[in-house]
Amino acid sequence: MSNLPSSAIDDLKAAARGQVLTPGDAGYDDARKIWNAMIDRRPAVIIRCAGAADVCKAVNFSREHNLIVAVRGGGHNIAGTAVCDDGVMIDMTPMRSVRINPWSATAYVEPGVTLADVDGEAQAFGLAVPLGVNSTTGVAGLTLGGGFGWLSRRYGMTIDNLLSVDIVTADGTLQHASEQENPDLFWAIRGGGGNFGVVTLFEFKLHPVGPIIYGGLVVLPLDQARDALVKYRTELQTMPDELAVWAVLRLAPPLPFLPPAVHGKPMVAFAICYTGDPQDGPAAVDAIRKLGTPYGEHLGPMPYTAWQKAFDPLLTPGARNYWKSHNIETLQDGLIDVLVNAVESLPSPQCEIFLGCIGGATMRVPPTAMAYPHRSTQFAMNVHGRWDDHKDDANCIAWSRKVFQDAKPYSQGGVYVNFMTEEESGRVGAAYGPNFDRLVEVKKRYDPGNLFRHNQNIRPV
């Protein structure tokens with residue numbers, strides 16, 4: 001900030017339609033605060049963009065003054081790269097427009113939007129984009145990293161349903177990218193993260209979903225987890241694409257359908273979303289109900305929008321978060337043992353391990369069709385360290401790292417880029433596998449100076 005003339009800030013404030021904040025301005029501290037409470041950084045300038053023109057101004061300002069750039073979307077950003085010290089934070093949260101065209105089954109989504117925003121608009125027409133599993137997740141970051149959730153087994157990953165983007169590249173120009181226009185850039189942003197520019201508009205393909213789905217939770221005691229996960233592994237082989245079942249291992253939260261005596265006890269929960277005819281739901285999930293003798297279950301027809309919010313209370317902002325993740329092809333016996341043993345020694349009641357079941361339609365796309373390459377991945381396994389008190393940092397981080405290391409022999413070696421922490425820059429190659437060299441070439445073309453480097457960075461060298 002000491003090398004940035006005050007006149008430059010004044011000129012930027014005069015030119016921008018959105019707010020421009022500097023340290024000491026009202027609203028600055030709120031604007032720099034992000035979901036993960038472990039991240040506490042102070043940008044020199046925060047530009048709260050009102051539209052694509054503001055994004056162009058922000059990119060040009062950053063490049064001309066040789067400032068590092070952080071881009072904030074509408075959601076979580078576990079790695080904390082959405083905010084930087086002493087650089088420019090391009091804050092997209094004011095850009096919250098969602099426009100649904102039900103006749104062409106397309107959605108036009110701005111980068112500050114959350115899943116709840118898209119679901120709320122699209123479900124009015126019985127349509128949905130395959131997004132994530134938590135309504136407060138930001139659509140922009142989710143999409144640029146790949147994106148998967150309850151609908152992915154049926155309709156593919158989020159990027160498989162992306163039709164085009166408007167994007168501001170490092171030279172400050174607004175470009176359009178699709179299969180027909182700037183196809184190399186479009187290939188790269190589908191999984192390559194924010195390395196190639198700042199997306200100002202996403203165009204998605206929509207699919208018929210709901211508005212009523214069949215789903216819920218089956219919660220088993222941890223002493224049944226090994227047998228239940230082995231049976232679950234078998235059921236996956238014949239599970240229809242309309243059915244998504246994720247496994248979560250943690251301490252039982254105070255869910256109203258669970259007896260108070262089991263609250264806080266270790267458990268495995270199977271989270272179920274069936275998007276076929278709700279009348280067929282009971283038969284579709286019957287095998288999951290029989291994986292063991294549950295502590296309790298809550299299953300039935302419900303609005304898809306309600307199911308998308310079911311896990312929001314477990315992911316509220318303000319907690320300290322540290323994640324470690326593996327891509328898993330098969331749920332081997334040794335991995336099951338690692339997971340069960342880990343839950344027997346949780347350092348915080350908020351820590352958990354989940355197995356996000358992908359598969360289905362996500363596996364029917366060639367690994368080189370777009371930047372995201374992990375098409376043989378059956379599960380994204382996430383070790384979710386989460387706690388409130390900074391005094392617990394060492395214990396919770398050590399637990400997360402140990403589970404990660406113990407599970408490593410059973411992994412594919414790859415990783416879902418959106419689950420990576422900032423310290424894991426050494427895993428960027430693993431995140432992109434056979435597509436990494438091509439991504440470097442696209443980076444050289446669109447961002448040769450590596451302006452967009454405050455991310456899981458693909459360097460143009």
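Is it the case that ALA53 is surrounded by fewer than 19 Cβ atoms within 10 Å (Cβ to Cβ), hydrophobic (A, V, I, L, M, F, W, C) and more than 21 Å from GLY112 (Cα to Cα)? Full working, then the answer.
On the way: surrounded by fewer than 19 Cβ atoms within 10 Å (Cβ to Cβ): yes; hydrophobic (A, V, I, L, M, F, W, C): yes; more than 21 Å from GLY112 (Cα to Cα): no.
In short, no.
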Would you be able to tell me the number of residues in segment 427-450 that are in a loop (DSSP other than H, G, I, E, B) and touching a Gly at 6+ places or on another chain (Cβ under 9 Å)?
-> 1
When you scan segment 206-240, how many residues do you find that are in contact (Cβ under 8 Å) with a residue 12 or more places away in the chain, under 18 Å from GLY360 (Cα atoms) and open to solvent by 40 Å² or more (accessible area, probe 1.4 Å)?
-> 4
Pairs with Cβ under 7 Å, 6+ apart, first in segment 296-310 and under 16 Å from PRO130 (Cα atoms), second at pLDDT 95 or above and among the polar types (S, T, N, Q) = TYR304/GLN123; THR305/GLN123; GLN308/SER135; LYS309/SER135
How about segment 264-278: which of its residues are farther than 23 Å from LEU251 by Cβ and not in a strand (DSSP E or B)?
-> THR275, GLY276, ASP277, PRO278
Scanning segment 417-461 for residues that are of a type in the set (Ser, Thr, Tyr), closer than 24 Å to THR169 by Cα and buried (at least 17 other Cβ atoms within 10 Å of the Cβ) gives TYR432, TYR446
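Table: residues versus (1) in a loop (DSSP other than H, G, I, E, B); (2) touching a strand residue (DSSP E or B) at 6+ places or on another chain (Cβ under 9 Å); (3) open to solvent by 20 Å² or more (accessible area, probe 1.4 Å).
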| site | (1), (2), (3) |
| --- | --- |
| ILE336 | no, no, no |
| LEU346 | yes, yes, yes |
| LEU355 | no, yes, no |
| ALA361 | no, no, no |
| THR368 | yes, no, yes |
| THR377 | yes, yes, no |
| ALA380 | no, yes, no |
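Kindly evaluate ILE78 against the criterion of being open to solvent by less than 20 Å² (accessible area, probe 1.4 Å), modelled with pLDDT of 95 or more and within 26 Å of VAL415 (Cβ to Cβ). Can you show your working first?
Values: open to solvent by less than 20 Å² (accessible area, probe 1.4 Å): yes; modelled with pLDDT of 95 or more: no; within 26 Å of VAL415 (Cβ to Cβ): yes.
Answer is no for this residue.
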Members of segment 169-193 found to be among the hydrophobic types (A, V, I, L, M, F, W, C), in contact (Cβ under 8 Å) with a residue 24 or more places away in the chain and either surrounded by fewer than 18 Cβ atoms within 10 Å (Cβ to Cβ) or not in a helix (DSSP H, G or I) (or both), listed by number | ALA170, LEU174
The correct count of residues that are open to solvent by less than 50 Å² (accessible area, probe 1.4 Å), under 26 Å from GLU423 (Cα atoms), over 15 Å from the mean Cα position of the chain (by Cα) and not small (Gly, Ala, Ser) in segment 302-334 is 2
Keeping to segment 194-205, report how many residues are farther than 25 Å from GLY120 by Cα and either free of Cβ contacts under 8 Å to residues at least 40 places away in the same chain or open to solvent by 20 Å² or more (accessible area, probe 1.4 Å) (or both).
-> 1
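With LEU315, LEU243 as the choices, which residue is touching a strand residue (DSSP E or B) at 6+ places or on another chain (Cβ under 9 Å), of a type outside the set (Val, Ile, Thr), farther than 20 Å from VAL343 by Cβ and in contact (Cβ under 8 Å) with a residue 12 or more places away in the chain?
Details: LEU315 fails: farther than 20 Å from VAL343 by Cβ.
Checking each option against the conditions leaves just LEU243.
Which ones in segment 39-76 are aliphatic (A, V, I, L, M), within 18 Å of the chain's Cα centre (by Cα) and in a loop (DSSP other than H, G, I, E, B)? Please lay out each step first, then the result.
Within segment 39-76, the first condition is being aliphatic (A, V, I, L, M), and the residues that meet it are 39, 44-47, 50, 52-53, 55, 58-59, 67-71.
Imposing the further condition that a residue be within 18 Å of the chain's Cα centre (by Cα) reduces the set to 39, 70-71.
Across segment 39-76, the qualifying residue is only ILE39.
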Surrounded by fewer than 17 Cβ atoms within 10 Å (Cβ to Cβ), among the basic types (Lys, Arg) and at pLDDT 95 or above - does that describe any residue in segment 270-291?
-> yes
Confirm whether ARG153 is buried (at least 24 other Cβ atoms within 10 Å of the Cβ), modelled with pLDDT of 95 or more, closer than 30 Å to PRO256 by Cα and of a type outside the set (A, V, I, L, M).
-> yes
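The values are calculated or read from the model by the stated rules, or taken from the named source; none is laboratory data. Keep in mind that what you see is a predicted model, and the values were worked out from it rather than measured. Virtual Cβ from ideal backbone geometry, glycine too; neighbours counted across all protein chains shown. Just so you know, the surface numbers come from the protein's heavy atoms only, side chains and all, with ligands and any DNA or RNA stripped out. Shrake-Rupley method; radii C 1.70, N 1.55, O 1.52, S 1.80 Å.
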